[in-house]
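Just so it is clear, none of the values below were taken in a lab; they were calculated from the coordinates. In this text the structure is predicted, and so the values were computed from the model without any measurement. As a convention, Cβ positions derive from the backbone with ideal geometry for all residues, glycine included, and neighbour counts pool all protein chains shown.
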Amino acid sequence: MIRAGVIATLLLAACASPPAPVAATDPPARRMVVVDQADVAIDQPPPHGAIGMSTAYRISDAAPGRTMEFRRRVLHPGSAIGEHPIDHDEVYYVLAGEGEVVSDGERRLLKPGMAAYLYDRAIVGIRQLGDTPLDLIISYPLKPQPSPLLVDPTREPDAVIDLWPAGAPGGDGVTLEEKIVDRENPYNLTDRAAHNVTRPTLSVFLPQKPDGSAILIIPGGGYSWVVIDKEGYEGARWFSRQGATVYVLRHRLPHQGWAAGPDTPLQDAQRAVRLIRSREQADGIDPQRVMVMGFSAGGHVAGSLATRFEASVYEPRDAIDQLSAKPDAAVLMYPVVTMKQGSAHPGSRRNLLGETPSDTQVAKYSLETAPPADAPPTFLLHAADDASVPVENALLLFTALKAAGVPAALHIFETGGHGFGLRDLERDPRAAWPGMVMDWGKAHGIFRSGIVRSAPQFNDHPIR
C-alpha cells in the first residue's frame, strides 16, 4: 500500500509546476528528479519537504478542474515501456522490483519506495531489471477528452500489404529484430511505434463510400522509429470516412545498416506510391489522384518523395516499378525540411546523415534545395511555437516552392506545438486542419463529391 502522504506528493508532482528550489544556490530544475519516500516530508505542513514539494495541499488546490490518472503497470523480466515523449508532468512510483528509468538520456535506478518525477517535453521510458517483476504506479493529470476527430478508435487496418514480397533491398548483413513498442499517453488511446523496421508495409483503410482518391500517410518518429497510431491509423480512420482509400506506410530507417543509407526511407516511399497505383482495379482508386501526407520526420520522407520522385534509389524489381512514383499532391504536417544547422531537427538530421555530414549531403537532403518545377502542389502546416521542429522549416520550403513555380499553400497556427496529429484539438483552431486539407485537395482534383466507386474486396494479396 502507498501511504496517503506519498499519494499526495505524487499528485502534486504530477499536476504542479516543477519543484521550486529550496535555496538560491540550488541548481535549476532538471528533466528528472529521483527521490526515496524517506526523503519527502510527508507529515509536515510547509515549509516544504526535502525536494521542495509540499503535501499540505489537496489536488483541487494544485490543479483546479484537473482529474488525475493512476495506472498500475507490472513489467515482467525483459520488458519495458519504450522511450516516448510526454507533454505533461509524470511520476513513476515503484511498489516492488527494480527498474531503470530514462529521461532525455539520463538513466537512474529505481527501487521500491522510490519515485521519479519526469517533466513536460522529456523523452522518457523505464525497463525492468533483475528477476523480480517491476510493479509501479504511473500518475499524470488527464487532459480534456480527445478530439472528436478521433473516430473509430478501435478500428484496425482492413489489410496489410508487403512492399517488397521478396525482401527489402540492400538488407545483406542487417540483423535487426522488428518490434512494436506501446507508449503511454494521457488519453488512454492505443499509441504504438514500430522500431527496427525490417518488413516495410502498407496498412490499408477502406472507405465505405469510396470516391476514388488515395492517400499515402507517412507518420513521424524522428527517423528513430515509425509512429503507428497517432500520426498513422488515427488520420487514416478519419480520411477513409471522407471517401479516401488510405494507406499507412511503415518504412525502414536510414541509420540501421541498409545499403541505401539516407535513401532507404525514400526507397520505401517510392515503392509505396507505385504499389498503390498498381492497385487501381483491386482497390478502386484513380491512379492520378494519389496524395502523400507526411508528419514531422514523415513529412521529410513525403517531401523527399515530392521533390525526388524521379531519383533512381533502387533497382526495379517488377512491372510495378515502371509506374510513376510522383504523388499528385503533397500535404506536409509540421515537417522536418532542412538539414542545415540552426533550423534542423537534431535527431532527424543525426539519424539521417550521421554526426558530421558533408555540405553536399546537407544540401542534397534539405528539401528547400532546388525543388523541381514539376513538383506536385504542396500544402504546408506548422505551429509558430513548435519547439521541436522550428517553423522555419515550413517557411524555407514554401519560399523555395514558390520560387520554383510550384503551387503551394502555407498555414501557420500561432500556437500548437509539435506532433499533435488529431489529438487534443477540441475547441482549438487546429481542429480545422483536416477540413482544410479536404478543401485544398478538392481544389486540386484529389477529392471529389458525389462519386462513389464499388468498395474493393481483399482476397488476392498478402494480408497479415
note = Residues meeting the amide H criterion for residue 222 (H placed from the backbone, H to H distance under 5 Å, 5 or more places apart or on another chain) are 297, 298
query = What are the principal axis extents of the Cα atoms in region 152-285, in Å, biggest first?
reply = 45, 40, 19
ask   = What ³J(HN,Hα) values, in whole Hz, does the Karplus curve 6.51 cos²θ - 1.76 cosθ + 1.60 give for region 336-344 when θ = phi - 60°, with x put for Gly and Pro?
value = 6, 10, 9, 10, 7, 4, x, 10, 5
key: Using a Förster distance of 35 Å, the FRET efficiency for residue 411-residue 155 (Cβ separation, nearest 0.05)   = 0.80
ask   = Using a cut-off of 15 Å between alpha-carbon atoms, which aspartates and glutamates can reach residue 340, once sequence neighbours fewer than 8 places away in the same chain are excluded?
value = 355, 359, 368, 392
ask   = What list of ³J(HN,Hα) couplings, whole Hz, do you get for region 365-372 from phi and the Karplus terms 6.51, -1.76, 1.60, once you set θ to phi - 60° and write x for glycine and proline?
value = 9, 8, 5, 6, 7, 6, x, x
query = Which entries in 230/402; 209/442; 179/230; 209/402 show an alpha-carbon gap greater than 28 Å?
reply = 230/402; 209/402
ask   = Near the amide H of residue 129, under 5 Å away, which other amide H atoms are found, from residues 5 or more places off or on another chain, if H is placed in the peptide plane?
value = 98, 99, 100
key: 3J(HN,Hα) from dihedral phi, region 239-245, Karplus parametrisation 6.51/-1.76/1.60, rounded to Hz, x for glycine, proline   = 5, 5, 5, 8, x, 7, 8
Exposure proxy ranking, count of Cβ atoms within 10 Å, fewest first, for 160, 226 = 160, 226
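Counting pairs of alpha carbon atoms under 8 Å apart in space and at least six apart in sequence, what relative contact order in percent does region 159-443 give?
Numbers: 620 pairs, mean separation 43.7, N = 285.
Result for region 159-443 is 15 percent.
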request  = Per residue, how big is the convex hull around the C-alpha atoms of region 159-443? Give it to me in cubic angstrom, could you?
outcome  = 128 Å³
request  = Return the distance in nm (one decimal) between the two label points of a simple spin-label model at residue 431 and residue 404, each offset 7 Å from Cα along Cα→Cβ.
outcome  = 3.6 nm
